[in-house]
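Student: Submitted below is the structure of interest, expressed as structure tokens.
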Amino acid sequence: MLKRTNYLSHSYDKPDGHTLAAYEQAGGYRSARKVLSTLSREQVVDEVKKAHIRGRGGAGFDCGMKWSFMPKESKKPHYLVVNADEGEPGTFKDRTIMERNPHALIEGCIIGCYGVGAHAAYIYVRDELHLSKARLWAAIEEARAKGYLGKNPFGKNYEVEVYVHTGAGAYICGEETALLNSLEGRRGEPRLKPPFPAQVGAFGCPTTVNNVETIAIVPSIFQVGGDEFSKLSALHEWNDGGVRLFGVSGHVKKPGIYECAVGLTLRELIYDLGGGIIDDRPLLGVIPGGSSCPVHLPDEIVDVPNDPRFAPYNGKSVLDLPMGVDTLRGVGGMLGTCCAIVMSDAADPVLALHNLMRFYRHESCGQCTPCREGCGWIERILDKVIEGRGSIEELNELHEIASNITGNTICAFGDGAAQPALSFVRKYRKQLEDYILRGGQSQTRTLEA
Amino acid sequence: MPTFKLDDRDIEFQPGDTIIQAAHRAGVDIPHYCWHPGLSVAANCRMCLVELGPPPGRGPLLLDVLRYDAKTGEYVKTKKPKLVPACQQPLTEGMEVKSQTSEHVAEARAAVQELLLLNHPVDCPICDQAGECRLQDYWLSHGANKKRMRDEIVHKPKAVSFGPTIVYDAERCIVCTRCVRFCDEVVGDHVLDKRERGNLSEIVLAPGRQLDHAYTLMTEYVCPVGALTAKDFRFKARVWFLRSVRSVCVGCATGCNSYTDFDPRNQTVYRYRPRDNERVNKFWMCDEGMLDYRRIHTGRVLAAQAGGKQVAVDAGLDAAADACRKIDPNTSAVVLSAQHSNEDNFALLQLAQRLGVTRLFLSGRPEGEGDDILRSEDKNPNRTGVIGLCGLQTPGSFKDFAALAEQGNLRTVLALGSDAELPDRASALSKIESLVTIATHQGPFVKAARVVLPASSWAECDGTFVNRDGIAQLSERAVRPQGQSQPAWKLVAGLASRLGHDLGYKRVADVQAALAPQERSGAAVQEAGATA
């Protein structure tokens, strides 16, 4: 169901939309004022729970639920950490918020801090996002000058400070516990869980880590009310509520970020919002939300007989399944960050897989054996395949290596690297074989040309 | 005590235990690289993965994986249970853990093993770890497949000197971070860390630093593979030719439990390794102690001397007996040694008693550096033991002894050991008219002696040492007595019989039998290897 909204993107097309004046003109900071002056911490968490905001960073965990895991009382300070280390290949939604609507994030931080009992929020921004950092710093200055940040925001005796911390360009620092290590000045390696950040997070204190979009949408919840906000979504019944930013890139005519109610289908994203495929070529495959998600083919059919909720979609193309955390999970896929990578038949899936695995080999932190060595091995086999030196024997090893990475590592990076490999070898085995036996379709053997 | 089920065995655990801890205590080895009982949990090697029974009332957590059906040429989607690392998973009552009996665990471990060897140079023939390398052991027990990756491995720095004692080979390294954690957590010196990412990861020194704290050799010992090797041991011996005995380090008063590794063919000791003992040294030893084995073969007294000439031991004993016959209790003294075992000192005390010598002194090696981890400032392994043997008659210090000698009041002295505790006062020894020294090593007492009898070192005979905490520990004999040397208690017994006193010591057990009642009264005896 295609329903465009503009809760986050209302000022995306205004040249000065990132300023405090423009944000307030559009009704900004009213939610934070309302929350701080009328609601208790528990009421805030309850309202966010009602909105069924599923984490926008890719894991899809319920935001209100996460906030409720924070201790009610503790001697240590609490922290809110915003994960702005947006580095997932194909994903470019968070930077639009930080660049064009930074005050939504700041306001979300104020409400978030209040909701989790924190007085400080750290926004961990990927180092390469220079404009995002500049806009955030400017926004923090503006908000502080107005007194929205500081000792008494909106007259309430509840101190809130927001800090921007820049990363150093490691993909793994988008993993929440690696991010916390990096924030503390340590090597960016995921931590063992448990303890979870809500118990032992940043600097050993209870911490909530949320994605930029998750936090930035929070003020909108209090504009329309939790229930109402959730009902904007076509998947309200699936506890997957609200609106979110959908991205589309690759071989589409109008790549970009579009704000819609949850429940959009991939077909709508590609053909309506994305304007269809370049040169109107056939669709080869689509990765729904960042490179860690399994790829889907256009001829894939939804077939989940034992879950009644799938009854309306069974027998239909995956492209017509509403994009939600649980809908895609049900068909063996993953929603991820909701930023789809579209490949027409002009794309070479073998080169695409090679490019992905090269990325994962480069970004594996090197802690766990299966991921450290496995990603490198997969890349090597693919190196040989695209150079025409591959063998069927080695092709038959790929799924085994990836299967043995899955689930056997400390963090989800291992699964994130293995799942695309598994889905690509399963779905594009013919093309891989073609490379090995007949040299493949690419003349250049690079993605660029 | 609560129990859990490991494969088909019920094992007891203490609240808070992880699976691997409880299994380790029960003597069941769950394969592992990065876990060490004395270090924090890193859970990065993924070798100890086990399968858990599902929590009550819930199904197992299943993950999507693929199989390939060669017959149909199709991939088959399948599921596998989520495995957990045994080093990280805390136990609960009645938990069911599959380690040896799960096909998923077997597959995961074989995969980890294959991946660890993927970029490993497999240079076992020139690697000092060969024979005691976990990569070799677990390769045999997990898959034992031929290497499937036939391409050039990832090359990394080799033979990097980390400091005076350790050499690092990054290609052999499995980045388990045991060495990093050891330096951080036990020594408190963050001198090692990791650099780079993914399969380029390697261990590096802190900028401007060397691995030069007092426990560097332990990094080699905690390294489960051949990445860290000790300069001292490199290329000296193949470990499968070495035999081990349970020994006690005699480097200081801590009495760390160790293994003495020696080659029985050439009767040479090659190294000490720490032996776990929760009460004494836990899992560790210091560099000074681990390198102390070198004293077994250097600076030794290997023949008897009398009147400035080398003589047979019998002739030496005769000469010593001649000297002792002139003993006048007013001008004689016996010097005991804090370097020697209870057995040696006890025999000498018995002889002193028979000869009527009442002036007892105690000497040993001079004080050195100590710390709060293991090292004692007292560099003698048995001061507590000797003082205990003397009972109420506490022996005088070397300072008093030197003062007495300086005044010319000592004619005949029977000394065990050659160490002067205050080296700058050693010149007083030359004032002694007739000094008989029973010693393992060269030193001031040997230099000043009229008669020198060659004693076997701690590695050449069994002996009991009482550490600073009063724990008596047995150190086993490794090699045969070197040169003409004999155990000191035997030399004392020979001397006694020449003087008409039969102490009745033929074997070390005879001394120990005579010694037992006294030892038990003063100290808790701990048999060698009594604790794991």
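Student: So which pairs qualify, if the first residue must be in segment B:24-50 and without any contact (Cβ under 8 Å) to a residue 60 or more places away in the chain, the second must be of a type in the set (V, I, T) and part of a loop (DSSP other than H, G, I, E, B), the Cβ gap must be under 8 Å, and the two must be at least 6 apart or on different chains?
Tutor: From segment B:24-50, the pairs are B:H24/B:I30; B:W35/B:V41; B:A43/A:I410; B:C48/B:I30; B:V50/B:I30.
Student: Among the residues in segment B:219-242, are any within 14 Å of another protein chain (Cβ to nearest Cβ), open to solvent by 10 Å² or more (accessible area, probe 1.4 Å) and not in a strand (DSSP E or B)?
Tutor: Within segment B:219-242 (the criterion being within 14 Å of another protein chain (Cβ to nearest Cβ), open to solvent by 10 Å² or more (accessible area, probe 1.4 Å) and not in a strand (DSSP E or B)), the answer is no, since none of the residues qualifies.
Student: Right, something else. If A:F359 meets every condition in (1) surrounded by fewer than 24 Cβ atoms within 10 Å (Cβ to Cβ); (2) in a helix (DSSP H, G or I); (3) facing another protein chain (nearest Cβ under 9 Å) apart from one, which number is that one?
Tutor: (3)
Student: Filtering segment A:175-206 down to residues that are buried (at least 22 other Cβ atoms within 10 Å of the Cβ), in contact with a helix residue (DSSP H, G or I) (Cβ under 8 Å, 6 or more places away or on another chain) and among the acidic types (D, E), which residue is farthest from A:A120 (Cα to Cα)?
Tutor: A:E189
Student: Does segment A:242-259 contain at least one residue that is in a helix (DSSP H, G or I) and either in contact with a His (Cβ under 6 Å, 6 or more places away or on another chain) or outside the structural domain of A:G58 (by TED's automatic domain parsing) (or both)?
Tutor: no
Student: Looking at A:G247, A:G174, A:G226 in this structure, which one is in contact with a Gly (Cβ under 6 Å, 6 or more places away or on another chain), of a type outside the set (S, T, Y) and in contact (Cβ under 8 Å) with a residue 12 or more places away in the chain?
Tutor: Every option except A:G174 fails the conditions.
Student: Say we look at segment B:66-88 and pick out the residues that are more than 7 Å from chain A (Cβ to nearest Cβ) and assigned to a loop (DSSP other than H, G, I, E, B); which of these is nearest to B:P37 (Cα to Cα)?
Tutor: Only one residue fits best here, namely B:C87.
Student: Which condition breaks for B:A306 when tested against (1) out of contact with any helix residue (DSSP H, G or I) (no Cβ under 7 Å at 6 or more places or on another chain); (2) small (G, A, S); (3) more than 30 Å from B:V187 (Cα to Cα)?
Tutor: (1) is the only condition that B:A306 fails.
Student: Out of all the residues in segment B:21-38, which are among the hydrophobic types (A, V, I, L, M, F, W, C) and more than 14 Å from chain A (Cβ to nearest Cβ)?
Tutor: B:A22, B:A23, B:A26, B:V28, B:I30, listed by residue number.
Student: Given the conditions (1) closer than 30 Å to A:C368 by Cα; (2) of a type in the set (S, T, Y); (3) crowded, with 24+ Cβ neighbours inside 10 Å, report the number of the one that A:S132 does not fulfil.
Tutor: (1)
Student: Moving to a separate point now. Please indicate, with yes or no, whether at least one residue in segment B:29-37 is surrounded by fewer than 21 Cβ atoms within 10 Å (Cβ to Cβ), outside the structural domain of B:D184 (by TED's automatic domain parsing) and modelled with pLDDT under 95.
Tutor: Looking for residues that are surrounded by fewer than 21 Cβ atoms within 10 Å (Cβ to Cβ), outside the structural domain of B:D184 (by TED's automatic domain parsing) and modelled with pLDDT under 95, one finds at least one in segment B:29-37, hence yes.
Student: Follow-up. Identify, from the list A:D348, A:D320, A:D326, the residue that is away from every other protein chain (no Cβ under 14 Å), surrounded by 19 or more Cβ atoms within 10 Å (Cβ to Cβ) and not small (G, A, S).
Tutor: Answer to the check: A:D348.
Student: Let me ask something else. Going residue by residue through segment B:288-301, is there one that turns out to be more than 26 Å from B:F401 (Cβ to Cβ) and either in a strand (DSSP E or B) or basic (K, R) (or both)?
Tutor: Yes, that holds for at least one residue.
Student: While we're on this one: Kindly list, by first and then second residue, each pair from a residue in segment B:257-272 that is outside any loop (DSSP other than H, G, I, E, B) to a residue that is open to solvent by 30 Å² or more (accessible area, probe 1.4 Å), limited to pairs with Cβ atoms under 6 Å and residues at least 6 apart or on different chains.
Tutor: Partner pairs satisfying both residue conditions: B:Y259/B:S244; B:Y259/B:R273; B:D261/B:S244; B:D261/B:Y270; B:D263/B:F241; B:Y270/B:K236.
Student: Here is a further query. Identify, from the list B:E343, B:E377, B:E369, the residue that is touching a helix residue (DSSP H, G or I) at 6+ places or on another chain (Cβ under 6 Å), closer than 26 Å to B:S247 by Cα and of a type outside the set (K, R).
Tutor: B:E343
Student: Here's a follow-up. Which condition from (1) assigned to a helix (DSSP H, G or I); (2) open to solvent by 10 Å² or more (accessible area, probe 1.4 Å) is the one that A:I215 breaks?
Tutor: It fails just one condition, (2).
Student: Sticking with this one: Which numbered condition trips up B:C176, out of (1) surrounded by 22 or more Cβ atoms within 10 Å (Cβ to Cβ); (2) out of contact with any Cys (no Cβ under 6 Å at 6 or more places or on another chain)?
Tutor: Of (1) surrounded by 22 or more Cβ atoms within 10 Å (Cβ to Cβ); (2) out of contact with any Cys (no Cβ under 6 Å at 6 or more places or on another chain), only one is false for B:C176: (2).
Student: For segment A:370-439, give me every one of the helices (runs of 4 or more DSSP H) that falls completely inside it and has 3 or more residues that are within 29 Å of the chain's Cα centre (by Cα) and within 11 Å of chain B (Cβ to nearest Cβ).
Tutor: The helices (runs of 4 or more DSSP H) meeting that bar are A:392-405, A:413-427.
Student: Turning to a different aspect of this structure: Could you name every one of the strands (runs of 3 or more DSSP E) located completely within segment B:368-479 that has at least 1 residues being touching a residue at least 24 places away in the same chain (Cβ under 8 Å), open to solvent by less than 30 Å² (accessible area, probe 1.4 Å) and more than 30 Å from B:N277 (Cβ to Cβ)?
Tutor: Qualifying strands (runs of 3 or more DSSP E): B:412-416, B:434-439, B:451-454.
Student: Just checking, which of A:G388, A:G376 is open to solvent by less than 20 Å² (accessible area, probe 1.4 Å) and either in contact (Cβ under 8 Å) with a residue 24 or more places away in the chain or of a type in the set (G, A, S) (or both)?
Tutor: The conditions single out A:G376.
Student: Looking only at segment A:1-45, count every residue that is within 18 Å of A:V116 (Cβ to Cβ) and in a loop (DSSP other than H, G, I, E, B) and tell me the total.
Tutor: Residues in segment A:1-45 being within 18 Å of A:V116 (Cβ to Cβ) and in a loop (DSSP other than H, G, I, E, B): 2 in total.
Student: Then there is this: Restricted to segment B:191-208, and to residues that are in a loop (DSSP other than H, G, I, E, B) and either touching a Pro at 6+ places or on another chain (Cβ under 8 Å) or more than 11 Å from chain A (Cβ to nearest Cβ) (or both), which residue is surrounded by the most Cβ atoms within 10 Å (Cβ to Cβ)?
Tutor: Per the stated criteria, the residue is B:V191.
Student: Report whether or not A:A51 is assigned by TED's automatic domain parsing to the domain that holds A:C113, crowded, with 24+ Cβ neighbours inside 10 Å, touching a residue at least 24 places away in the same chain (Cβ under 8 Å) and small (G, A, S).
Tutor: yes
Student: Further, regarding this structure: Restricting segment B:312-321 to residues that are open to solvent by 40 Å² or more (accessible area, probe 1.4 Å) and in contact with a helix residue (DSSP H, G or I) (Cβ under 9 Å, 6 or more places away or on another chain), which is farthest from B:Q482 (Cα to Cα)?
Tutor: Among those that are open to solvent by 40 Å² or more (accessible area, probe 1.4 Å) and in contact with a helix residue (DSSP H, G or I) (Cβ under 9 Å, 6 or more places away or on another chain), it is B:D318.
Student: Out of the residues in segment B:108-138 that are assigned to a helix (DSSP H, G or I) and surrounded by fewer than 20 Cβ atoms within 10 Å (Cβ to Cβ), which is farthest from the chain's Cα centre (by Cα)?
Tutor: In this case the residue turns out to be B:A110.
The values are calculated or read from the model by the stated rules, or taken from the named source; none is laboratory data. Just so you know, these numbers come straight off a predicted model, no measurement behind them. As a convention, Cβ positions derive from the backbone with ideal geometry for all residues, glycine included, and neighbour counts pool all protein chains shown. Surface areas here come from the heavy atoms of the whole protein model, side chains and all, with no ligands, DNA or RNA. Shrake-Rupley method; radii C 1.70, N 1.55, O 1.52, S 1.80 Å.
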